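The values are calculated or read from the model by the stated rules, or taken from the named source; none is laboratory data. Computed from a predicted model, the values in this text were never measured in an experiment. So basically every Cβ, Gly included, is an ideal-geometry build from the backbone, and we count neighbours across all protein chains shown.
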Amino acid sequence: MRMSGRSPIQQSEIYERARLARDARFDGQFFVGVSTTGIYCRPVCPAVPPKRENVTFYPSAAAAGEAGFRPCLRCRPECAPGTPAWNGTSTTVRRGLRLIASGALDEGSIEDLAERLGVTSRHLRRLFTKHLGASPLSVAHTQRLHFAKRLIDQTDMPMSHVAQAAGYGSVRRFNDTFKNTYGRAPRDLRRRNEATFDHDGALTVRLPYREPFDWSAMIDFLAVRATPGVEQVVAETYLRTVVIDGQSGVIECRHDDRDRNISLTLHGIATTAMFQVVQRLREMLDLEAPVADIADGLSADNTLDRLLKNNPGIRVPGAWSGFELTVRAILGQQVSVKAATTLAGRVAERYGEFVELPKTLDSRADGLRLDRLFPTPEKLARGRFDNMGLVTSRADTIRRVAAAVVHGAINFDNTQDPHDFCEALMSIRGIGEWTAQYSAMRALKYPDAFPASDLGLLKAVDDAGTVSPAELKCRAESWRPWRAYAALLLWSSLAGSGG
């Protein structure tokens with residue numbers, strides 16, 4: 001499955017075999033441009049495979065679109081699992097993709113994006129062309145186009161609302177884009193028989209993922225760490241309060257076994273925020289993880305190979321808020337997961353803003369306990385944390401981290417290199433390597449983060465407790481660049497352990 005180290009000819013041969021076999025493991029990892037039809041397809045397209053001389057392989061949908069191909073209406077490239085932002089790309093490209101996904105080019109320019117990444121715009125274009133075959137603007141355009149197409153197919157939203165949600169500046173621009181791309185107006189593309197309607201005011205969209213995906217492991221991990229009042233897991237469904245552009249709401253995620261996707265329902269959240277919410281949820285649930293590559297990289301270790309057989313769909317749960325996750329990590333220093341969860345609930349109850357459940361959740365209010373937004377850095381920088389069962393040193397550390405975020409010394413918008421992020425975090429008194437690595441793992445979604453001093457990890461590799469953090473770190477060298485996934489596998493073998 002790994003493409004690194006392959007010559008272009010070898011890679012092309014692998015893609016050709018995957019195309020002819022309709023191998024789902026490659027879905028989203030490359031796209032097929034067909035010269036005789038002018039369309040580009042997923043490798044799993046059910047249409048009769050065109051002749052080899054009539055196809056060209058592209059590393060991304062944006063590259064195929066930039067080459068002049070339009071999306072296939074049969075296999076619907078917008079429904080493919082996302083291409084992993086860090087799989088086979090440079091660190092700069094990975095960070096750039098995450099910023100684009102969060103809307104960095106909706107208002108700003110490529111020059112602004114390059115400045116945030118610490119490179120020149122020319123170098124940024126060169127890197128995107130090398131690794132993705134397309135410019136940053138093409139990537140942003142394709143993301144908006146695909147998101148809008150999914151909303152057209154999956155919802156009964158008015159086209160003007162779809163245009164807003166996908167980030168188009170005007171309905172006219174939205175209509176022109178679809179006519180130029182698909183050769184027809186957006187309303188002519190709506191598949192009424194596939195739309196899922198929510199007439200109670202909430203909106204549900206489906207998020208595809210790369211299989212296999214162990215939803216049970218994900219939901220179990222989130223459940224024991226859910227901050228009371230802010231997060232809750234009910235009947236295999238994850239809910240949490242959020243605030244976007246000053247407006248509070250609730251997101252609700254559950255697994256759809258029939259359609260093999262994540263069903264995301266938005267309660268009280270503005271249409272204009274939908275794209276941002278979807279992108280953050282995709283990262284939080286690690287839907288783009290290249291599970292085959294991860295298994296290939298970790299299976300050489302006997303312990304991890306055994307765990308992979310029991311959990312082939314392992315994911316690294318992310319975080320809605322990097323600051324919130326880091327506060328949680330500080331609360332979890334040298335205490336159990338349950339104790340850290342209790343402390344997080346007390347912090348949220350005292351310093352978090354009170355919110356009411358959106359009307360779309362009123363009928364289920366008896367079973368829900370969601371009434372707080374997680375406190376802002378500004379609020380916790382002034383927090384006293386007295387009479388909460390929190391030791392003074394932890395309270396001081398939370399205040400220092402909150403102040404660092406307020407003053408811009410620490411940020412979680414993924415513009416920093418993960419190593420620089422960890423160094424900056426560890427420069428704050430009270431933050432050690434465990435907290436920094438754990439934050440990089442879940443807040444920055446850095447796949448190679450590894451909190452080697454974690455007691456659960458040490459116990460998982462040697463129940464006798466004779467392995468030192470230095471020895472574990474040495475052993476983990478062979479697990480690169482997937483050490484974060486190795487940590488989740490090891491934690492999964494110890495109920496209630498890890499962060």
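Structure summary
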item: Some residue of the range 437-451 being modelled with pLDDT under 95, over 23 Å from the mean Cα position of the chain (by Cα), under 25 Å from residue 223 (Cα atoms) and outside the structural domain of residue 99 (by TED's automatic domain parsing); result: no
item: Within the range 1-39, tally of residues that are of a type in the set (A, V, I, L, M, F, W, C) and either at pLDDT below 90 or assigned to a helix (DSSP H, G or I) (or both); result: 9
item: Hits in the range 263-273 (condition: at pLDDT below 90 and either crowded, with 19+ Cβ neighbours inside 10 Å or closer than 22 Å to residue 443 by Cα (or both)); result: 273
item: Tally, over the range 314-372, of residues that are basic (Lys, Arg), surrounded by fewer than 18 Cβ atoms within 10 Å (Cβ to Cβ) and more than 13 Å from residue 240 (Cβ to Cβ); result: 4
item: Candidates 355, 327, filtered to the one that is at pLDDT below 95, among the aliphatic types (A, V, I, L, M) and under 29 Å from residue 379 (Cα atoms); result: 355
item: Residues located in the range 124-160, provided they are surrounded by fewer than 18 Cβ atoms within 10 Å (Cβ to Cβ) and in a helix (DSSP H, G or I); result: 125, 126, 129, 130, 137, 160
item: Residue count for the range 354-367, restricted to those that are touching a residue at least 24 places away in the same chain (Cβ under 8 Å) and of a type in the set (Asp, Glu); result: 0
item: Test: residue in the range 69-88 that is aliphatic (A, V, I, L, M), at pLDDT 95 or above and within 28 Å of the chain's Cα centre (by Cα); result: no
item: Residue in the range 453-472 that is out of contact with any Ser or Thr (no Cβ under 9 Å at 6 or more places or on another chain), within 30 Å of residue 119 (Cβ to Cβ) and outside the structural domain of residue 119 (by TED's automatic domain parsing) present; result: no
item: The range 414-459, subset of a type in the set (A, V, I, L, M) and in contact (Cβ under 8 Å) with a residue 40 or more places away in the chain, residue surrounded by the fewest Cβ atoms within 10 Å (Cβ to Cβ); result: 455
item: Subset of the range 263-276 (residues that are part of a helix (DSSP H, G or I), under 13 Å from residue 247 (Cα atoms) and of a type outside the set (S, T, N, Q)); result: 273, 274
item: Condition check for residue 116: crowded, with 22+ Cβ neighbours inside 10 Å, over 22 Å from residue 179 (Cα atoms) and among the charged types (D, E, K, R); result: no
item: Every residue from the range 124-164 that is of a type in the set (S, T, N, Q) and more than 20 Å from residue 59 (Cβ to Cβ); result: 154, 155, 160, 164
